[in-house]
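Asker: There's a structure below that I have some questions on.
The values are calculated or read from the model by the stated rules, or taken from the named source; none is laboratory data. Predicted, not measured: the structure shown is a model, and the values here were computed from it. With ideal geometry, Cβ positions are generated from the backbone for all residues, glycine too; neighbour counts draw on all protein chains shown.
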Amino acid sequence: MYNINFTKYKYFTLSISFLVIVFGFVVTFSKYGGFAHSLDFNGGLRTVVELPKDKSRTDLESYFQSKKIEAVVILLEKEKNIFQLDVGLGSLSTIETLYKEIPEEKRETSTSAIDRFVQLLRFEFSLPKEKVLSADQVGAVVGGELTEVGITLLLTTLGIILLYLSIRSQFKFALASAIALVHDILMTLALIGFLQIKPSVPIIAALLTLLGYSINDKIVVFDRIRENAHGKDNLALSNIINVSISQTLGRTINTSFTTMISVVAIIVGGAAELYDFAFILLFGVIVGTYSSIYIAAPISEIYDRLRKKRFA
């Protein structure tokens, strides 16, 4: 009835996933000292300016790069040439040095980091005051709140899933789904750290979207396993799992492929600000599909076998 033995290499696939996650986090903390810093999570300077028409995003990025200022440039309004400039706290000393290089007659005395940054921009790009639309120093409190909310949502989601699947089907399927979701999140976080993708609100949105997509795929697989197992207590769960995955494999591949088409379209033709969101979502779809077949289902079989041995 089936051609592929999906559970045959369960210990191999579980080991590979474990090693990949460990490798990603080891590189993140040993090479980079942790996840990348971002304005939303670590604080910094945020300014919105309207540049002259002869200045482009490339000009801004080239300037910041030449001055070794870590900045993110976001185009807000193309017609008016309005940009949002986000500068991390690590560049404040550089901004202080550059500010002191401005001729005294062209600068105003200020003790505020954001005011000095604004004066630096006005001097370098010949901006009148009215072209600086907003300027704020962003604290890290927002990032702390976002992290806390994200973790709370993740744990709450896992708890609800565990309860729902325990009632709907069996505890072993609920437990396997929860572990597989944790696997998906850890795998994605390992990638974020390895590539030093800056944490942001869209990244949190991508992680939560990944949870919803991933659990949907796992519910489909486990529902088919439950249906095929009905009245077949004498048949090994591994055989039922292989049959069930083979029956749902076409649907799983088609769903994942159509989802990836939309996400790739965002990566190729979408705004640059959505690139990280789409990239994380694309990786999450692939990992979620993989974990439904090679992580969640094998874990349910391992748990079932251990439970039977315990109560034998």
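Asker: Can you tell me which residues in region 112-140 are acidic (D, E) and within 29 Å of the chain's Cα centre (by Cα)? Break it down into steps so the answer makes sense when it comes.
Answerer: If we filter region 112-140 for residues that are acidic (D, E), which is where we start, we get 115, 124, 130, 136.
Answer for region 112-140, where residues must be acidic (D, E) and within 29 Å of the chain's Cα centre (by Cα): just D136.
Asker: Another question, then. In the list G33, G44, which residue meets the criterion of being touching an Asp or Glu at 6+ places or on another chain (Cβ under 9 Å) and farther than 18 Å from M187 by Cβ?
Answerer: Working: G33 fails: touching an Asp or Glu at 6+ places or on another chain (Cβ under 9 Å).
After applying the criteria, what remains is G44.
Asker: Within region 280-289, take every residue that is in contact (Cβ under 8 Å) with a residue 24 or more places away in the chain and surrounded by fewer than 20 Cβ atoms within 10 Å (Cβ to Cβ) and give me the one that is farthest from F194 (Cα to Cα).
Answerer: We begin by selecting, within region 280-289, every residue in contact (Cβ under 8 Å) with a residue 24 or more places away in the chain; these are 280-281, 283-289.
Of the ones still in play, those that are also surrounded by fewer than 20 Cβ atoms within 10 Å (Cβ to Cβ) are 283, 286.
Working: F283: 13, I286: 17 Å.
Of everything passing the filter in region 280-289, I286 is farthest from F194 (Cα to Cα).
Asker: Has region 213-228 got any residue that is in the same structural domain as F279 (by TED's automatic domain parsing), outside any helix (DSSP H, G or I) and either surrounded by fewer than 17 Cβ atoms within 10 Å (Cβ to Cβ) or not acidic (D, E) (or both)? Talk me through it step by step, then tell me what you get.
Answerer: Looking only at region 213-228, we keep the residues that are in the same structural domain as F279 (by TED's automatic domain parsing), and these are 213-228.
In the following step, the residues that additionally are outside any helix (DSSP H, G or I) were identified as none.
Checked against the condition, which is being in the same structural domain as F279 (by TED's automatic domain parsing), outside any helix (DSSP H, G or I) and either surrounded by fewer than 17 Cβ atoms within 10 Å (Cβ to Cβ) or not acidic (D, E) (or both), region 213-228 yields no hits at all.
Asker: Residues that are more than 18 Å from F117 (Cβ to Cβ): find the strands (runs of 3 or more DSSP E) completely inside region 1-103 holding 2 or more of those. Explain how you work it out, then say what you get.
Answerer: Working: elements: 44-50, 71-77, 82-88.
Once the strands (runs of 3 or more DSSP E) in region 1-103 are filtered for at least 2 residues that are more than 18 Å from F117 (Cβ to Cβ), what remains is 71-77.
Asker: Between I160, I151, which is under 30 Å from A176 (Cα atoms) and modelled with pLDDT of 80 or more? Let's see the steps before the verdict.
Answerer: On the way: I151 fails: modelled with pLDDT of 80 or more.
Matching residue, one of I160, I151: I160.
Per-residue answers, yes or no, for (1) modelled with pLDDT under 90; (2) among the hydrophobic types (A, V, I, L, M, F, W, C); (3) over 21 Å from the mean Cα position of the chain (by Cα):
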| site | (1), (2), (3) |
| --- | --- |
| N3 | yes, no, yes |
| L14 | no, yes, yes |
| G24 | no, no, no |
| S38 | yes, no, no |
| S56 | yes, no, yes |
| Y63 | no, no, yes |
| L76 | yes, yes, yes |
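Asker: Could you pull out the residue among T255, T209, T248 that is under 19 Å from the mean Cα position of the chain (by Cα), closer than 25 Å to V182 by Cα and either in a helix (DSSP H, G or I) or without any contact (Cβ under 8 Å) to a residue 24 or more places away in the chain (or both)?
Answerer: Details: T255 fails: under 19 Å from the mean Cα position of the chain (by Cα); T248 fails: under 19 Å from the mean Cα position of the chain (by Cα).
Step by step, each of T255, T209, T248 is checked, and only T209 is under 19 Å from the mean Cα position of the chain (by Cα), closer than 25 Å to V182 by Cα and either in a helix (DSSP H, G or I) or without any contact (Cβ under 8 Å) to a residue 24 or more places away in the chain (or both).
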